[in-house]
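Undergrad: Before I ask anything, here is the structure I am working with.
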Amino acid sequence: MTDYDLFTSMVDQIKHSCLWLTLYSWGEPFLNQRIHEYIAYAHKQKIATIISSNLNKPLTLEMAEQVIKSGLDVMIVSLDGVTQDVYEVYRVTGHLDRVLDNLKLLDEKKRSGAQKRHTSSGK
């Protein structure tokens, strides 16, 4: 991932003509511990964001909250099998249970954030 200052400079240059920013390609976005800051900056500039992850890196509660709060528009999850036996054929040393746990964590954070917004708006 590009240096954060370089990233913000590039976003500032394209913000009037860019609708969608893809923050993945040849790498795992969650290896960048500041990915939520990149997403949030683009979101602040009214640029939609998308990441793609295999979610095989352990996510902490804090990381999940940060990504949800960042304004991420789309997350693609590469799920390479629905049983561990099949999953590890395609994702060597991968752990299906970790991916599913990460998905649950992100979903819980998304739902709790939506619930907080709903409750605080008085609806």
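The values are calculated or read from the model by the stated rules, or taken from the named source; none is laboratory data. Owing to the predicted nature of the structure, the values given are computational and were not obtained by experimental measurement. Cβ placement follows ideal geometry from the backbone for every residue including glycine, while neighbour counts extend to all protein chains displayed.
Undergrad: Say whether the condition of being exposed (fewer than 14 other Cβ atoms within 10 Å of the Cβ) and of a type in the set (A, V, I, L, M, F, W, C) is met by at least one residue in the stretch 37-56.
TA: No, that holds for no residue.
Undergrad: Anything in the stretch 17-32 that is farther than 18 Å from Lys44 by Cβ, modelled with pLDDT of 90 or more and exposed (fewer than 12 other Cβ atoms within 10 Å of the Cβ)? List them, or say none.
TA: Selection gives Leu31 alone.
Undergrad: Return yes when Thr49 is closer than 30 Å to Val82 by Cα, without any contact (Cβ under 8 Å) to a residue 60 or more places away in the chain and within 11 Å of the chain's Cα centre (by Cα) and no when it is not. Steps first, please.
TA: Working: closer than 30 Å to Val82 by Cα: yes; without any contact (Cβ under 8 Å) to a residue 60 or more places away in the chain: yes; within 11 Å of the chain's Cα centre (by Cα): yes.
Criteria met by Thr49.
Undergrad: Only one residue in Asp73, Asp12 is surrounded by fewer than 16 Cβ atoms within 10 Å (Cβ to Cβ), in contact (Cβ under 8 Å) with a residue 12 or more places away in the chain, farther than 21 Å from Lys110 by Cα and acidic (Asp, Glu), so which one is that?
TA: That would be Asp12, the only listed residue that is surrounded by fewer than 16 Cβ atoms within 10 Å (Cβ to Cβ), in contact (Cβ under 8 Å) with a residue 12 or more places away in the chain, farther than 21 Å from Lys110 by Cα and acidic (Asp, Glu).
Undergrad: Still on this structure: With touching a Lys or Arg at 6+ places or on another chain (Cβ under 9 Å) and modelled with pLDDT under 95 as the only criterion, which of Lys116, Lys46, Lys109 stands out?
TA: Only one candidate qualifies: Lys109.
Undergrad: Follow-up. Mind listing whichever residues of the stretch 81-103 are charged (D, E, K, R), at pLDDT 95 or above and surrounded by 12 or more Cβ atoms within 10 Å (Cβ to Cβ)?
TA: Scanning the stretch 81-103 gives Arg98, Asp101.
Undergrad: Considering only the stretch 17-50, how many residues are hydrophobic (A, V, I, L, M, F, W, C) and in a loop (DSSP other than H, G, I, E, B)?
TA: Summing the residues that are hydrophobic (A, V, I, L, M, F, W, C) and in a loop (DSSP other than H, G, I, E, B) in the stretch 17-50 gives 5.
Undergrad: Here's something else I'd like to know. Quick one: which of Ser78, Ser121 is loosely packed, with under 15 Cβ neighbours inside 10 Å, under 30 Å from Ile14 (Cβ atoms) and modelled with pLDDT under 95?
TA: Answer to the selection: Ser78.
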